[in-house]
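The structure appears right after this line, and notes come after that.
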Amino acid sequence: MEIARAETCLITGGCGYFGYRLAAHLHKNGAKVILFDVVPPKSDALEGFTFVQGDIRSYEQVVSAVSGVDCLYHVASYGMSGREQLKRLRIEEVNVDGTRNVLDACIQCGVPRLVYTSTFNVVFGGQEIRNGDENLPYLPLHLHPDHYSRTKSIAEMAVLKANGTALKDGSGVLRTCALRPAGIYGPGEQRHLPRIVGYIEKGIFSFVYGKASSLVEFVHVDNLVSAHVLAAEALTARKRHRAAGQAYFISDSRPVNNFEFFRPLVEGLGYPFPTLRLPVTLVYFAAFLIETIHRLVAPLYDFQPLLTRTEVYKTGVTHYFSTAKAEGQLGYRPKEYNLDEVVRWFRSRGHGRKRQSSRAGQLVVNVLVVAAFMAALLSFLPVVGN
């Protein structure tokens, strides 16, 4: 789909993995692209783009960046995974206050369209969902197991509520929509995949958990880019503003067991796929203990938790959603991808097993991991005196 050369697009979080991929696509199709981010891109990555260093927590910085923008893609967020999920204050400031700043700046500066990158988690909190759709209600805020999901819900509601708000310059109204993507993957992804590969290489990925029949979803970065471009187009008068005020689930439309999805990555790097399977409840409780320990020692040592409770639910409990609404209203057609390009990307950077360990060695690792889990659990049980 071609974009008019006069179009100016701003992407918050534009120097992140997805934001930059979206920027590259928009630029290739003729748009002028502004990257707004707290962290500058690599020095060789700015060709064709305008970079504005700023923080969405600062209303003044946002306002100074959005003047003259035709469409704003609000991608920036904080607290999606790992230890970030445990930093409550910053999560609130970025996801809630930052989104309000973005909305207010759009209204103040006459930006007519805003596409918000939300998440599946606005309706999911650990309960099973099979082929859910946009008619599902938001999960009550107090039921979210993590601050990221709760604040993304608050932000999405604010974005959709702002749809139809009159622009201060009298040029019309603000049109908004929200996309709720599954877990993002693709070559070069920097948030989740390196952490997974690190666990694989350290021998930590020695067990799986949950039912083998549990299903989740993922979305390739290029499918998500396509969905954002289509959503922005569907906010225009030419498309009769059909996406205005709407939310859409976005995925590859291929539910799969979380661990089986990563099997090609594990085996492609030369490692054996784990055969030990643990119950979700055990791993969830272990994650709770890890979070508790992190909360106590974080002021002195901000370590990376092996897993958080939310990550256990997101990977071990069935939840997948229909993309029928996005297909019908946006024209979204997800292409099929696999992890081959991801494996090649990691191998090209020196990852991959250098030597084969014995099966007995792997068994020892499995036993030690289970023993560590059990020791952690038993240490929290009360001691009964004589």
Worksheet item: Which one of these is over 21 Å from ILE56 (Cα atoms), surrounded by fewer than 24 Cβ atoms within 10 Å (Cβ to Cβ) and either without any contact (Cβ under 8 Å) to a residue 40 or more places away in the chain or of a type in the set (Lys, Arg) (or both): LEU193, LEU141?
Response: LEU141
Worksheet item: So GLN127 clears everything in (1) closer than 28 Å to GLY328 by Cα; (2) in a helix (DSSP H, G or I) except one condition, right? Which one?
Response: (2)
Worksheet, complete the sentence: Filtering strands (runs of 3 or more DSSP E) wholly in the range 170-226 for at least 3 residues that are among the hydrophobic types (A, V, I, L, M, F, W, C) and farther than 26 Å from ARG333 by Cβ gives none
Practice prompt. Quick one: which residue in ARG344, ARG355 is out of contact with any Leu (no Cβ under 7 Å at 6 or more places or on another chain), at pLDDT 85 or above and farther than 27 Å from GLY210 by Cβ?
Written response: ARG344
Worksheet entry | Sole exception among (1) crowded, with 19+ Cβ neighbours inside 10 Å; (2) under 27 Å from PRO334 (Cβ atoms) for ARG238, by number | (1)
Practice prompt. Please enumerate the residues belonging to the range 256-314 that are surrounded by 16 or more Cβ atoms within 10 Å (Cβ to Cβ), in a loop (DSSP other than H, G, I, E, B) and at pLDDT below 85.
Written response: PRO305, LEU307, THR308
Worksheet item: Which residues, taken from the range 141-161, are of a type in the set (D, E, K, R) and either over 17 Å from GLU93 (Cβ atoms) or in a helix (DSSP H, G or I) (or both)?
Response: ARG150, LYS152, GLU156, LYS161
Worksheet item: Counting only residues that are within 12 Å of LEU86 (Cβ to Cβ) and in contact (Cβ under 8 Å) with a residue 60 or more places away in the chain, how many does the range 285-311 have?
Response: 12
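Here is a yes/no grid of residues against (1) under 25 Å from ARG347 (Cβ atoms); (2) basic (Lys, Arg):
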{"position": "GLU201", "(1), (2)": "yes, no"}
{"position": "ALA212", "(1), (2)": "no, no"}
{"position": "VAL219", "(1), (2)": "yes, no"}
{"position": "ASN223", "(1), (2)": "yes, no"}
{"position": "ALA234", "(1), (2)": "no, no"}
{"position": "ALA247", "(1), (2)": "no, no"}
{"position": "ARG254", "(1), (2)": "yes, yes"}
Practice prompt. Filter the range 144-171 down to the residues that are touching a strand residue (DSSP E or B) at 6+ places or on another chain (Cβ under 8 Å) and more than 22 Å from LYS325 (Cβ to Cβ), then identify the one that is surrounded by the fewest Cβ atoms within 10 Å (Cβ to Cβ).
Written response: ALA166
Discussion item. Looking only at the range 217-235, how many residues end up being in contact with a Lys or Arg (Cβ under 7 Å, 6 or more places away or on another chain) and either among the hydrophobic types (A, V, I, L, M, F, W, C) or crowded, with 24+ Cβ neighbours inside 10 Å (or both)?
Written reply: 6
Discussion item. For the range 92-135, give me the residue count where each residue is touching a residue at least 40 places away in the same chain (Cβ under 8 Å) and more than 18 Å from the chain's Cα centre (by Cα).
Written reply: 24
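The values are calculated or read from the model by the stated rules, or taken from the named source; none is laboratory data. Remember, predicted model here, so these are calculated numbers, not experimental data. So basically every Cβ, Gly included, is an ideal-geometry build from the backbone, and we count neighbours across all protein chains shown.
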